[in-house]
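Everything below concerns the one structure shown next.
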Amino acid sequence: MTKTIIRTVGVAGASGAVGRMVVEQLLRLRESVESVVRLSRRNDVLQSPGKLALHERSVYRHIDYANVASLQSSFDGLDVLIFPGSDGDPEQVLAHHINVIQVAVDCKVGCFIYLSTLGADRNSPFPYARVHGETERMLKAAANEKHMRIHILRASIFTEFFLETFIEPVISTGILRLPIPCGKISFVSKVDVAAALAGATVSTLEVDDQEQFSDLTGPAALSLSEFCSLFDVETKGRRNSQLEFAEMSEPTYREQLSRQGYEPWLIEAFATMLSFSIPGNYFAVVSGDIKTLSGEQPCSVAEVVAKTMPARRASG
């Protein structure tokens, strides 16, 4: 079998944590990828480490998801586009995704690799699940009508995101209060997601399928009580109290976020993810797709906690 050689891969969000790791992974695939275009809304030359910004097989292009002309210039000549999605208000995010897909089709990008979410559904109460569901629908239409290859990778909740957003603010109190009555989460690390996106770049073009789908998860699904117990084991000796999970009502949680100054769209996103998607076990899927795509077993929650929490505490 002849090995697939990809001339140019564009990585959107290249200044972000996941995007930067994807670029680094792709640049190691010298025999499979000729060049990598770092697409970023920020000045990537300033954000990236020097060796990455000056790499002979990597170039930077500024991108503006709201500006079609900017997208057309940025996507010109790309054989593969890796798109982790936009961020912010869900309505704005969807508008960005519509632009990105349309311009990718117009520029005849051969393959579109998209980072979606477990539980993506156009009818979900969780706003980002709706955005991802509609984005997936548009991509499937592009694959069927425009003959663009697509690979949709649906990720579970990032372990690092959960630690930073929900765990670190309550370490001093020892009580994690969230509106989650039940359900489990197959937490996945950003490192593993980046490795899977890079692996998908090559594997997607080595099969005949026009559409491919993968689930990116950790090796096990945990309840919040199990998560807290595991967290205690991994941080033993660095904290004075244990971490316990206590359920709170969704209305109380919404009121708490409002008092803390959160914007309405973000309150809606957090509340519905916690009170609908997690109890519905949409994030409880456990898959072996990360190993298939990257060749490595995904990190456990314990491994991520052990690596990140000491560094975070030391830097604080």
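The values are calculated or read from the model by the stated rules, or taken from the named source; none is laboratory data. Everything numeric here is computed off the predicted structure, so don't read it as measured data. Backbone-built Cβ (ideal geometry, glycine too); neighbour counts: all protein chains shown. When the accessible area is computed, the model is the full protein with side chains, heavy atoms only, and any ligands, DNA or RNA have been set aside. Shrake-Rupley method; radii C 1.70, N 1.55, O 1.52, S 1.80 Å.
General remarks:
- Leading residue by the ranking (farthest from ALA17 (Cα to Cα)) among those in segment 105-146 that are free of Cβ contacts under 8 Å to residues at least 40 places away in the same chain and in a helix (DSSP H, G or I): GLU145
- Of all residues in segment 242-265, those being open to solvent by less than 30 Å² (accessible area, probe 1.4 Å), of a type in the set (Ser, Thr, Tyr) and not in a helix (DSSP H, G or I) number 0.
- Segment 36-55, residues that are crowded, with 17+ Cβ neighbours inside 10 Å, modelled with pLDDT under 90 and not in a helix (DSSP H, G or I): ARG41, SER48, HIS55
- All positions within segment 18-35 that are part of a helix (DSSP H, G or I) and among the hydrophobic types (A, V, I, L, M, F, W, C): VAL18, MET21, VAL22, VAL23, LEU26, LEU27
- Cβ-Cβ distances below 9 Å connect the following pairs, each with a first residue in segment 12-40 that is over 25 Å from HIS97 (Cβ atoms), a second residue that is β-branched (Val, Ile, Thr) and assigned to a loop (DSSP other than H, G, I, E, B), and a separation of six or more residues or different chains: GLU31/ILE5; SER32/THR4; SER32/ILE5; GLU34/ILE5.
- Cβ-Cβ under 6 Å pairs, at least 6 apart or on other chains, segment 194-215 side more than 15 Å from HIS147 (Cβ to Cβ), far side among the basic types (Lys, Arg) and open to solvent by 20 Å² or more (accessible area, probe 1.4 Å): ASP215/ARG154
- Filtering segment 169-219 to residues that are closer than 22 Å to ILE290 by Cα, open to solvent by 60 Å² or more (accessible area, probe 1.4 Å) and in a helix (DSSP H, G or I) leaves VAL191, GLU206.
- Flag for GLU303 being surrounded by 14 or more Cβ atoms within 10 Å (Cβ to Cβ), among the charged types (D, E, K, R) and more than 29 Å from LEU197 (Cα to Cα): no
- Of the listed requirements (1) open to solvent by 30 Å² or more (accessible area, probe 1.4 Å); (2) in a strand (DSSP E or B), GLU226 misses just one: (2).
- Flag for SER116 being of a type in the set (Ser, Thr, Tyr) and closer than 25 Å to SER32 by Cα: yes
- Candidates THR135, THR117: the one that is out of contact with any Lys or Arg (no Cβ under 9 Å at 6 or more places or on another chain), on the phi < 0 side of the Ramachandran plot and hydroxyl-bearing (Ser, Thr, Tyr) is THR135.
- Segment 64-89, residues that are at negative phi, under 20 Å from the mean Cα position of the chain (by Cα) and not in a strand (DSSP E or B): ASP64, TYR65, PRO84, SER86, ASP87, ASP89
- Residue within segment 230-241 that is β-branched (Val, Ile, Thr) and surrounded by 16 or more Cβ atoms within 10 Å (Cβ to Cβ) present: yes
- Residue within segment 147-168 that is charged (D, E, K, R), outside any helix (DSSP H, G or I), farther than 30 Å from GLU255 by Cα and open to solvent by 20 Å² or more (accessible area, probe 1.4 Å) present: yes
- Close pairs from segment 72-85: first over 15 Å from GLU34 (Cα atoms), partner assigned to a helix (DSSP H, G or I) and charged (D, E, K, R), Cβ under 9 Å, at least 6 apart: GLN72/ASP106; PHE75/ASP106
- If you go through segment 271-300 and keep only what is closer than 22 Å to GLU206 by Cα, in a helix (DSSP H, G or I) and open to solvent by 20 Å² or more (accessible area, probe 1.4 Å), you end up with ASP289, LYS291, THR292, LEU293, SER294.
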